[in-house]
Amino acid sequence: VARRPALLSALLGLALVGHAGAFHQGVPALHQRHPSLRSHASKSSVSVWGAVSAQRLGLGLGRGGRARLAVTCTAAKEKTDTPAASSQESPVKERYPMDSFVPKGWSRHLHNYKSDPARFFLAAADDATAKGSEDAVLLDFGPLFRPKMVLVHAADDVVHIMSNKKGEFCKSKLRRQTAGMVLGDGLLLSEGEKHLRTRKVMRPSFEGSSLAKFLNVMEDACTRMTETIGAAVDASPNGEAVVDISELIQEATLVMVSKCLFSLSGYGDAKMLKNGISNTFRYTSKLQRTPLRGAVKLAGRLGFSSGYKAFKTALDEMDEYVLKIIADRRAGLSDEKKDRDMLDMFLRTKFDDGCGFTDREIRDELVTMLLAGHDTSALVLMWAFNFLIDRPDLADAIAAESARALGEPTAEGWKKFSVETVQGLGETDRFLKEVMRLRPPVYEFTREVARAHTLPSGLRVKKGQTVIVSAYVQGHKEGFWKAPDSFDPARWAVHDEEGRVTTNKPADGTYIPFGFGARTCIGFRFAEWEMAIMLSHVCRNFLFTSAMDAPPDFSTHVTLNPSSPIKIRVSRR
């Protein structure tokens, strides 16, 4: 009898083996996983709780044992005014009603969180708003997710959570236990003094003249990309070529980031690193939305999961490669003070106690920067071209702005961008902002409540509770944006009396593709520059239309990915 709990735990772990082994498989197709494409007959499983004066958030049972999602709110409305948007709708469904997301069995909405979290979050927020509540939604993923997660979408609460000025929040245990398996204790997941120390060391590399020296790397990568496209066009007898722009974007952005981090010269080495990160994150992103993660991980370590075995192999190969680069560079580091790249910077750094970063700490930071600096920018650019193929007027405007900034090309070609010219690409910047509003690459931020307290809206959160803030929800809220599902870069333009155009600054907490507060993406300026330069290069050289049968939907893993490659039909401008 005394051994029954251990026996039951072992049996439970074995029972999860099949589930863990399936982690390497993709999520089902949209028509298989999304109830809205089959039937809208089921009723919403969200109920509104009125004012936030209730001191506890709990899961109630309606008639017949029907589970409810609890929504907590105050009567306060967010005060955000944005310019009017056009009526052009996105060809992809941006939102579904809450009754499209049918709860299943004991795990309730866990399958919706796994398969379509961005639109599930938005549906829950919309349902709350329709019932007079606009602050928070208590998410029900079954009894194994306790305490329950809370989706917060009031602007003031979002600012409070992400600013975290009093240390009331930390990176969620859920994220550390999953993404931490790959990223270690790098800048994205570290806390407290370590995070502040590392950020202080890295910040100068993303400011002023240090950031300006990366422009040549960006230009070279974009030039090679346009040469590749041009060669394909010139080789075609009709002057047109179909290219997978997704693949070219991935290659170009990866070369940019890997050169700035490691000074890697070849795409092959950079791609090997990128594949290692992608393969490992495919496992951890599924693990994050799985109950009894500890049992699943244990089953993997005991050799019962092919998914875990593939993950561990990819992780070990990636670590071996990165640590060798670090060790070789450390051994050959000269006394010269000039840093070639960020790896040199980490190796030369000494703290007040005379110690520096260990090889493992440097590994964590470089892998974090490679993931954050490549995947996010590449995804935004893929979505950018997906929107541009339906709006040739916008592609023409980006091309014209680039030509105005650089002047007419000479016999040697176009001039290169300087800090001043890239910062002057206002129309391109506004276009990219609109892309990131509708398609934020990181659609979900999670924080864990470090100590119980009350948010600005009056919502009481418990210690240990996971709080979710969604950039997708914030970018689609009708209280924040007019015609939120319409793609309209003009909403970002502000015209003064003298005819000058500047860029609108949205209210804090309403637009957060790069995060907010003390943990705002440290490389956001680098990302903005590389994206603007790449769009300028392609748009000023080529005309393009869609070469796809239908526009791609998005799939959600760690990031908001196109469900299929973005293919375009290209000719010279």
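Just a few scattered comments:
- When residue 126 is tested against (1) surrounded by 24 or more Cβ atoms within 10 Å (Cβ to Cβ); (2) assigned to a helix (DSSP H, G or I), just one condition goes unmet, and that condition is (1).
- Residue in the stretch 90-111 that is small (Gly, Ala, Ser), out of contact with any Lys or Arg (no Cβ under 9 Å at 6 or more places or on another chain) and farther than 19 Å from residue 481 by Cβ present: yes
- Residue list for the stretch 175-205, filter: surrounded by fewer than 17 Cβ atoms within 10 Å (Cβ to Cβ) and of a type outside the set (A, V, I, L, M): 177, 191, 192, 193, 194, 197, 199, 200, 203, 204
- Wholly enclosed helices (runs of 4 or more DSSP H) of the stretch 218-327 bearing at least 1 residues within 30 Å of residue 568 (Cβ to Cβ) and at pLDDT 90 or above: 245-262
- Top-ranked residue in the stretch 456-467 [being in contact with a helix residue (DSSP H, G or I) (Cβ under 7 Å, 6 or more places away or on another chain) and within 26 Å of residue 558 (Cβ to Cβ); ranked as least open to solvent (accessible area, probe 1.4 Å)]: 467
- Restricting the stretch 130-148 to residues that are hydrophobic (A, V, I, L, M, F, W, C) and open to solvent by less than 10 Å² (accessible area, probe 1.4 Å), the residue that is farthest from residue 309 (Cα to Cα): 136
- For the criterion of being open to solvent by less than 10 Å² (accessible area, probe 1.4 Å) and without any contact (Cβ under 8 Å) to a residue 24 or more places away in the chain, residue 270 passes.
- Among (1) outside any helix (DSSP H, G or I); (2) among the β-branched types (Val, Ile, Thr); (3) open to solvent by less than 20 Å² (accessible area, probe 1.4 Å), the one test that residue 502 misses: (3)
- Top-ranked residue of the stretch 340-353 - restricted to ones that are open to solvent by less than 50 Å² (accessible area, probe 1.4 Å) and not β-branched (Val, Ile, Thr), ranked as farthest from residue 323 (Cα to Cα): 351
- Only one of the numbered conditions (1) touching a residue at least 60 places away in the same chain (Cβ under 8 Å); (2) closer than 17 Å to residue 556 by Cα is not met by residue 475, and that is (1).
- Single match in 507, 532, 471 (criterion: farther than 24 Å from residue 379 by Cβ, of a type in the set (A, V, I, L, M) and surrounded by 15 or more Cβ atoms within 10 Å (Cβ to Cβ)): 507
A quick yes/no check of all residues on (1) open to solvent by 50 Å² or more (accessible area, probe 1.4 Å); (2) modelled with pLDDT under 90; (3) among the acidic types (Asp, Glu); (4) not in a helix (DSSP H, G or I):
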position: 338; (1), (2), (3), (4): yes, yes, no, yes
position: 373; (1), (2), (3), (4): no, yes, no, no
position: 379; (1), (2), (3), (4): no, no, no, no
position: 382; (1), (2), (3), (4): no, no, no, no
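- Number of positions in the stretch 430-476 that are more than 18 Å from the chain's Cα centre (by Cα), outside any helix (DSSP H, G or I) and on the phi < 0 side of the Ramachandran plot: 17
- Which listed residue is within 22 Å of residue 125 (Cβ to Cβ), under 24 Å from the mean Cα position of the chain (by Cα), modelled with pLDDT under 90 and not in a helix (DSSP H, G or I), from 509, 479: 479
- Residues of the stretch 478-499 that turn out to be under 17 Å from residue 135 (Cβ atoms) and either of a type in the set (S, T, N, Q) or open to solvent by 10 Å² or more (accessible area, probe 1.4 Å) (or both), as a count: 2
- Restricting the stretch 419-434 to residues that are open to solvent by 40 Å² or more (accessible area, probe 1.4 Å) and touching a residue at least 60 places away in the same chain (Cβ under 8 Å), the residue that is nearest to residue 472 (Cα to Cα): 429
The values are calculated or read from the model by the stated rules, or taken from the named source; none is laboratory data. Here the structure is a predicted model, which means the values were calculated and not measured. Don't worry about glycine lacking a Cβ; one is built from the backbone with ideal geometry, like all the others, and counts go over all protein chains shown. Heads up: the accessible areas ignore ligands, DNA and RNA and are worked out on the full protein's heavy atoms, side chains in. Shrake-Rupley method; radii C 1.70, N 1.55, O 1.52, S 1.80 Å.
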